[in-house]
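Below is one structure, written out as structure tokens, with a few remarks after it.
The values are calculated or read from the model by the stated rules, or taken from the named source; none is laboratory data. Keep in mind the model is a prediction, meaning the values are calculated, not measured. Neighbour counts run over all protein chains shown; Cβ positions are idealised from the backbone, glycine included. Surface accessibility is based on the protein's heavy atoms, side chains included, excluding ligands, DNA and RNA. Shrake-Rupley method; radii C 1.70, N 1.55, O 1.52, S 1.80 Å.
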Amino acid sequence: MTTATPLEQPREQPTVDRLLAPVRDGLAVAGRNLIALRRVPRLLIFSTVQPIVFVLMFRYVFGGVVGAALHGVSYVDYLMPGVFVQVVVFGAVNTAIGLAGDLQTGLMERFRSLPMARSAVLSGRTTADLARNVFVVALMTGVGFLVGFRIHNGVPAFLAGGLLVLAFGFAMSWVFAVVGLAVGDPETATAAAFPVLAPLVFASSAFVPTATMPGWLQVFADHQPVTITAGAVRTLMIGGPLGTQVWQALAWDAGIVAVFAPLGVWLYRRAV
Amino acid sequence: MTAESATTQPAAARPAIRVEGLGKRFKDLVALDGVDFAVPPGTVFGLLGPNGAGKTTTIRILTTIVRPSAGRAEVLGTDVVARPAAVRRLIGLAGQYAAVDPNLTARENLRLIGRLTQLPRHRRDPRAADLLARFDLAAAADRPVRTYSGGMRRRLDVAAALVPEPPVLFLDEPTTGLDPQSRTALWELIRELVAEGTTVLLTTQYLEEADRLAQRVAVLAEGRVVADDTPHNLKARLGTTVLELGMGEDPRAARAAALLTDRLRQRPERDGALLRLPSPDGSLLLMDVLHALEAERLTPRTIAVRESSLDDVYLALTGHRTDDRAPDPGTTLEGPPS
């Protein structure tokens, strides 16, 4: 009497479902992360206080010196695109902190036992951080207007610049998703981030033109993605010959996501 | 009567969980070394063992979180390595730490799990409300979980595992750290689920817990199953109480041990001047022991009858105490808090 008894057989996923699942589950996780952001507002406040201090410092302390080296562009107009890029780059650390936190609390274990898309925990986090960046960049734009920043090149180009900033922030979030999964705890993620991010942001054209940097540093500064993105955003917002800057910036974003998203999902699958 | 009894009580049902020759190696550490067991549907199976014995690793393999290095594991006939996505639709998992989002409310946590387990939209809210009521969390349902006590979080964690109404439920040390009242309440819930047809695999460090809940218990030691039996048989073999006799001096203890072995066919474990006798009923044994010792003027100086701990079971099954070779030196093992 060994005939197989009818036990519940798992339903097979239809193809449509398999294609939609990453989006559907990613949005569910993103919604969850945004609730946390709303409920713990200090996360948002601390990530906006620092860039505001930066704007005020650079604008009023270094503005005079740097402004003299710029030809016909007021420093605040030069500075703000750089600040936008800096804000989203530093903000990307939040992606690492959030994922490392989920690893630590055991929530990641639960997610991995659920019938959800393998990419959703990561894409949900990077998507929530994208939404967070929309808020932060809008806020910084307001702060910029208060200290003399103005739209010079029309609203569409200005908004396009904003989108380019957000795209770069999204790409950096995937880098830090990998960092968060690799280091596994929020404190280490924070500590590991600064030595990498500081040179990326400061050895760039974000706050000052690269022309006065030593030659070897210029080579790095002129070709790294923060400079490329800041340059493209600046041209869009202030005006001037665009060239291929926007495409270069988008190529960086696409390249970063193409490398780090699969790497992140691979780490997630095998994270212990 | 015919059709119904055939489906509710299959005579030779396929196991709900089947594990064969399961092995797992983490770098130099062998976590599982050829584990076999089978769990009939609609029953509770207990995995008993100290930290580091391989309980959690077994659960993590069965819930598709890690892959085994050797052997096979099936949930309701579905292979966990070949078809992990299908297995995830059959299981619920409540882990050792309450894996819920502290920033969400209990209701939001359950809704999220409902969404991620593809529960139809119209069923998510009623399901969450049901579980909140059942786990006595309704009053706190809309407070962020970070304001919860440990016991409340643990209950929410188990509730979260139940959202998709999984036919097979994995509970990894569900009552560790719970106060006795919450523990009893959780036991009651587990019994209800099993009465409704759920199969439960639970791990525990408490002999009493396995005894109260499980139809069958496997004892794990260093990644191997050292016993797989009903709690009744296990108790008969190993005893559920331990009689401890302080004899004052080592020579007296040695003489008393010899005497008890001889007269009562008990084989006490001697630790200096202390004798330990595992027994199914220590207080009954106590009378015989005292009579025998009295006759030889070997009256014990101190007498204690206590519940057997996992440590005692281990000693009986493996010949050494749990802390001898456990990889985590910070771990203390004791009976359930009483």
Report task. Shielding by partners for B:236-244, please: the mean number of other protein chain Cβ atoms within 10 Å of each residue's Cβ. Result -> 0
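Suppose all protein chains stay in the model; what accessible area per residue would a 1.4 Å probe give for segment B:241-307, in Å²?
Accessible area per residue: 58 Å².
Let me know the volume per residue of the alpha-carbon convex hull for the protein assembly as shown, in Å³.
209 Å³
Give me the dipole magnitude in Debye, nearest 20, for chain B about the Cα centre, with unit charges on the beta carbon: positive for Lys and Arg, negative for Asp and Glu.
Once rounded to the nearest 20, the dipole reads 1100 debye.
For the ranges A:93-104, B:214-225, A:146-157, B:184-195, what's the packing order if you count other beta-carbon atoms within 10 Å of each residue, average per peptide, and put the highest first?
A:93-104, B:214-225, B:184-195, A:146-157
Enter the buried accessible area of the A/B pair, total of both sides, probe 1.4 Å, in Å² rounded to the nearest 100.
Between A and B, the summed buried area is about 3500 Å².
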Report summary line: accessible surface per residue for segment B:13-236, probe 1.4 Å, DNA/RNA/ligands not counted, whole Å² -> 37 Å²
**Report entry** Neighbour-limited loop hits for trypsin sites (Lys or Arg not before Pro), segment B:226-313 (at most 12 other Cβ within 10 Å; DSSP other than H, G, I, E, B)
**Finding:** B:R265, B:R297, B:R301
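Need one value for B:109-117: mean number of C-beta atoms belonging to other chains within 10 Å of its residues' C-beta atoms.
That works out to 5 on average.
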Query - Simple spin-label estimate for B:T299 and A:E187 in nanometres, 7 Å along Cα-Cβ - result: 5.8 nm
Requested in this report: Compute the distance in nm between two label points, each set 7 Å from the Cα along the Cα-to-Cβ direction, one at A:I151 and one at B:D271.
Outcome: 7.9 nm
Requested in this report: With everything on Cα atoms, drop me the angle between helix B:150-162 and the longest principal axis of chain B, reported from 0 to 90° to the nearest 10.
Outcome: 60 degrees
Report task. Could you tell me how many degrees, from 0 to 90 and to the nearest 10, lie between the Cα long axis of helix B:282-295 and the main elongation axis, the longest principal axis, of the Cα atoms of chain B? Result -> 10 degrees
Query raised in the report: In chain A, which whole DSSP H runs stretch at least 20 Å along their own axis (Cα) and average 1.6 or higher on the Kyte-Doolittle scale?
Result: A:42-57, A:155-183
**Report entry** Charge-dipole axis of segment B:241-307 as Lys and Arg at +1 and Asp and Glu at -1 on Cβ define it, positive-most pick from B:A304, B:P280, B:L245
**Finding:** B:L245
**Report entry** Sites B:R121 and B:D281, calculated FRET efficiency, Cβ-Cβ separation with R0 60 Å, nearest 0.05
**Finding:** 0.60
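Charges only on Cβ, +1 for Lys and Arg, -1 for Asp and Glu: so what's the dipole of the protein assembly as shown about the Cα centre, in debye to the nearest 20?
It works out to roughly 1540 debye.
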Requested in this report: Kindly express, to the nearest 10 degrees and within the range 0 to 90, the angle between helix B:106-116's C-alpha long axis and the longest C-alpha principal axis of chain B.
Outcome: 70 degrees
Query - Residue-averaged beta-carbon neighbours from other chains (10 angstrom radius) around A:35-43 - result: 3
Report summary line: Only helices counted: for the protein assembly as shown, with every DSSP H run of 4 or more residues adding -39500 (n - 2.57) and the sum spread over all residues, [θ] at 222 nm is -17500 deg cm²/dmol
Query raised in the report: Label B:A258 and A:T244 with points 7 Å out from Cα along Cα→Cβ: what is the distance between them in nm?
Result: 9.7 nm
Query raised in the report: Within the accessible area of chain B, what % is carbon and sulfur when the probe is 1.4 Å and the other protein chains stay in place?
Result: 49 percent
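So with the 1.4 Å probe, I'd like the accessible area per residue for segment A:117-272, rounded to whole Å².
43 Å²
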